[in-house]
Amino acid sequence: MTTETMGNTTQYLSFQLADELFALNIGKVREVIEFTSVTRIPQTPDFMRGVINLRGGVVPVVDLKEKFGMGKTEKNINTCVIITEISISDESVVLGTMADAVDEVFDLATEQVRPAPRIGTHLNTKFLHGMGKKDDEFILLLDIDKVFSLGELEQVAAAGKGARDEESITS
């Protein structure tokens with residue numbers, strides 16, 4: 001039994017993108033950090049905001065709002081980066097995802113998770129594990145491993161590796 005799944009309950013981290021509430025399985029989340037600035041990498045997709053230095057490591061940062069066609073995340077006092085771990089071809093890649101705000105860690109019982117609806121959201125539902133309900137609010141349960149295509153993930157990972165290589169050359 002892992003810390004993110006206990007019995008029939010899973011822990012999620014909820015966060016805001018525009019007016020919608022999303023959540024990630026806590027097992028995919030390493031930490032949440034304050035958004036300061038990113039170093040832009042040329043010739044990457046618009047949703048790829050750049051890279052950050054996280055305790056000496058280079059981490060690519062993506063803008064989920066832009067990826068989902070919800071506009072660009074603007075920096076404000078609540079803007080943060082959720083450091084996640086995603087899978088690319090049997091490899092784990094550390095990736096930062098921007099959020100307008102992080103809400104809380106909460107438990108959700110398996111029976112509280114419903115299939116994602118086919119209509120009424122701003123994104124393709126293949127990215128969703130399902131929908132949950134907390135209090136009177138619906139939460140879109142994001143499957144972070146399915147948000148990006150393999151090609152996009154490889155491009156993001158290469159951007160991070162390129163920035164690491166560049167950093168070691170200039171050091």
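Cross-link partners for residue 146 among the lysines, with Cα-Cα distance under 24 Å and sequence neighbours closer than 8 places in the same chain left out: 28, 65, 67, 72, 126, 133, 134, 161. Rounded to the nearest 20, the Cβ-based charge dipole of region 8-170 about its Cα centre (Lys and Arg +1, Asp and Glu -1) stands at 260 debye. The smallest convex shape that holds all Cα atoms of region 8-170, its convex hull, gives 121 Å³ per residue. For region 56-87, state which GluC sites (Glu not before Pro) are in a DSSP loop and have at most 13 other beta carbons lying within 10 Å of their beta carbon. Passing both the DSSP loop test and the Cβ count: 74.
Full extension of the chain between residue 43 and residue 101 gives 18.1 nm of extra length, using 0.36 nm per residue less the Cα-Cα distance.
Between residue 9 and residue 110, the contour length at 0.36 nm per residue exceeds the alpha carbon distance by 35.8 nm. If the segment from residue 92 to residue 19 were pulled out straight at 0.36 nm per residue, it would be longer than the present Cα-Cα gap by 23.3 nm.
No lab work stands behind these numbers, since they all come straight from the coordinates. Remember, predicted model here, so these are calculated numbers, not experimental data. Heads up, the Cβs are rebuilt from the backbone with ideal geometry, glycines too, and the neighbour counts pull from every protein chain shown.
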